[in-house]
Amino acid sequence: MAWETAAANTSLLTTYLIKKFIPALEDELQFHKFCTKATIPGGMGKIARFNVFNSPAANVTSITEGNTTANEITTLATTGTDATILEYGEFIVVTRLMDYTQVAGARSELSNRMNYGGARSLDSLIRNQAVTTTTARYTLDELAGATATIQTTNDASGSAAAIVHCGGALRGNSARGFSGVSGHPNGAFAAIVAPTFETEMVQEATAGRMTWATAVTQVPGTMGQEKWVNGYMGSVYGTACYRTQNFALTTVSANSMENNYVLAEGGIGAVSIIDADPSVLVNTASSTDVGNPYRNRNTVAWHSYFATALIDSNRVVRLYSDA
């Protein structure tokens, strides 16, 4: 028998662990930054209420000169949406022996994984509220935009025309774009689309309609060409487009459809207490840890007190496209 890496000689072999970890696969998370955020102060309960004022009717009736009683508004209604704070979190046990013998940097990487797990969980909670909107649009075949009528076809592609249509629906509801969101064009709506929708939109080619290419690349200055070369989606007629892998599928008329969204300011609310973002907690054994008599294990956890709610369906469009 040869002296080789066979089963008989495995006790002589060693495994060298590369200390540089390969980055984990991570979704691009978009929903949280397009929420109306609030924090409940201590001693103020655990239920937050978002209020939306109804718009007053236009009044075109003149007032007689000197009149002090005409055109009084006696009722101006508000619509409230409640969000109840709940606890969310996960943890993993790390034995003391593992903590001592594992390759350098493993604990830091584990903390990063827990931090991302918390962020992805809260992003998913917000997405689950967006999907409850009653304003829906369905992409049309041949890149023809979108419609409010349920489509039975399974060949409805994502397109710039569909984004424009959803933006028009929000403007028709008198919704406004976002302001003060880092990296987001001031006053623009936000489209959050699945990768398939993005791929179809940036490759679309049609006659007689504006495409993503004509909207984004034919822009004065160097940025127009850079958007094309670097694959940046950019904005389509006042709606900034973002992709995410954190999306869900829905069956519509026996066809698998992706859920995409176009959001306006004030559509979804997010509330927290104590910490605005998920906290990563590294807990080590101590003399007061009665459930850990040998003090031979630690834990790494993420935790958050969080609530989210759909405030107004007039400000959130659910856009179905073929998966």
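Each value in this text was obtained by applying a stated rule to the coordinates, not by laboratory testing. Source: prediction; values computed, not measured. Positions of Cβ are generated from backbone atoms using ideal geometry, with glycine treated the same way; all protein chains shown enter the neighbour counts.
Among the GluC sites (Glu not before Pro) in the stretch 63-169, those located in a DSSP loop and surrounded by at most 11 other Cβ atoms within 10 Å of their own Cβ are E65, E72. Calculated FRET efficiency, Y237 and F53, Cβ-Cβ r, R0 35 Å, to nearest 0.05? The pair Y237/F53 has a calculated efficiency of 0.80. The chymotrypsin sites (Phe, Trp or Tyr not before Pro) of the stretch 288-323 that DSSP puts in a loop, and whose beta carbon has at most 16 other beta carbons within 10 Å, are Y294. Exposure proxy ranking for I163, I85, I192, I92, based on other Cβ atoms within 10 angstrom of each Cβ and starting from the fewest, stands as I92, I85, I192, I163.
As a length-normalised measure over Cα pairs under 8 Å and 6 or more apart, the relative contact order of the stretch 95-157 settles at 19 percent. Extending 7 Å from the Cα toward the beta-carbon at both V181 and S313 defines two label points whose distance is 2.2 nm. Relative contact order, whole percent, for the stretch 35-176 stands at 14, derived from Cα pairs under 8 Å and 6 or more residues apart. The ranking of T239, T68 by Cβ neighbour count inside 10 Å, starting from the fewest, reads T68, T239. Cβ under 14 Å from Y88's Cβ, Y88 left aside: what net charge do those residues give with Lys, Arg +1 and Asp, Glu -1? Net charge around Y88: -3. Between T75 and V290, the contour length at 0.36 nm per residue exceeds the Cα-Cα span by 71.4 nm. Using the beta-carbon distance between R107 and E142 and R0 = 35 Å, what value does 1/(1 + (r/R0)^6) give for FRET efficiency, to the nearest 0.05? Taking R0 as 35 Å, the efficiency between R107 and E142 is 0.05.
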